[in-house]
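The values are calculated or read from the model by the stated rules, or taken from the named source; none is laboratory data. All values reported here derive from a predicted model rather than from experimental measurement. Positions of Cβ are backbone-derived with ideal geometry, glycine not excepted, and every protein chain shown enters the neighbour counts. These area figures cover heavy atoms from the full protein model, side chains too; ligands, DNA and RNA do not enter into them. Shrake-Rupley method; radii C 1.70, N 1.55, O 1.52, S 1.80 Å.
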Amino acid sequence: MAQNILGSFHPIDKSTWSRAAYFDHYQNDTVCTYSITANLQITRLLDLLKQRGKKLFPALIYMTAKVFNAHREFKMHMLSDGTVGYFDAIHPYFTYFHKDDETFSDIWLAYCEDFSAFHDAYLHAVCEYGNKKGLYSKENKPVNSFLVSCLPWLSFTSVDLQMTYPKKINLLPLTVFGKYFAQAGEILIPLSVHVHHSVCDGFHTSRFFCEMQRLADELSF
């Protein structure tokens, strides 16, 4: 699979980077990734999407990309020579499930601010690549891409990912949505985010969840 960057990469001068000591600690002394899972309240979001004739999963992918792209800590990357920096943008890829043989394929999308255009791009990608089997049904996935997966069969309370990346360290986040459910008159959906502690602390992941909830509440897209 070809490696390309959809956008630009910006190196960071570690001698002036306020996070340099934390980065080195969680890369070398205590190598640490972690996951946090919380529920999003999506009652109003579902109503609006129904009114607009839009699907939930592309909306969730869009919301995730919008929040991640607003904050540098979610766009970090380390080159093979050890250079640390960030992308000006990151782009989502999502898992598409094949019911006939119970496998899945990854399909990537270029992120754009316009939700309707993004939603249309999602539908087009599913139509074009949804029937293609293999791990990567759409080729040339950018290196500056992050995964949005979904387990629509299970309303989980936690996701623990054991991940090893040979010959490289992945700093980009990973998200997993679960099956939504009703509770106390509201609709909730579990969301798990997996990050590398060298670039992302609990404060940053907490802000991610708060901003995701704000998007779902304000319906401002």
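Taken about its Cα centre, the chain carries a charge dipole of about 240 debye when Lys and Arg each add +1 at the Cβ and Asp and Glu each add -1 at the Cβ. Rounded, prolate or oblate: which fits region 121-221, taking a ≥ b ≥ c as square roots of the Cα gyration tensor eigenvalues, rounded meaning a/c under 1.5, else prolate when a/b beats b/c? In terms of gyration-tensor shape, oblate.
The protection proxy used here, the mean number of other Cβ atoms lying within 10 Å of each residue, ranks peptides 57-65, 121-129 as follows, highest first: 57-65, 121-129.
The C-alpha atoms of the chain define a longest principal axis, and helix 115-129 lies at about 90 degrees to it. Rounded to whole numbers, the Karplus 3J(HN,Hα) couplings from phi for region 184-194 are 6, x, 10, 9, 10, 10, x, 9, 10, 10, 10 Hz, using 6.51 cos²θ - 1.76 cosθ + 1.60 with θ = phi - 60°, and x at Gly and Pro. When both bridge partners sit in the chain, DSSP labels roughly 70% of those beta bridges antiparallel. For the chain, the per residue solvent-accessible surface stands at 51 Å², with DNA, RNA and ligands left out and a 1.4 Å probe. What separates the Cα centres of region 203-221 and region 182-197 is a distance of 12 Å.
Taking semi-axes √(5λ) of the Cα gyration tensor in Å straight from the coordinates, which label in (1) 28, 21, 17; (2) 25, 20, 19; (3) 34, 22, 16 is the correct one? Identified label for the calculated read-out: (1). Taken over region 34-75, the convex hull of the Cα atoms encloses 87 Å³ per residue.
With all protein chains in place and a 1.4 Å probe, the accessible surface of the chain carries 52 percent carbon and sulfur. For the chain, the longest principal axis of the C-alpha atoms and the axis of helix 43-52 are separated by about 70°. Straight Cα distances below 15 angstrom link residue 133 to the aspartates and glutamates 100, 101, 102, 106, with same-chain residues fewer than 8 positions distant left out.
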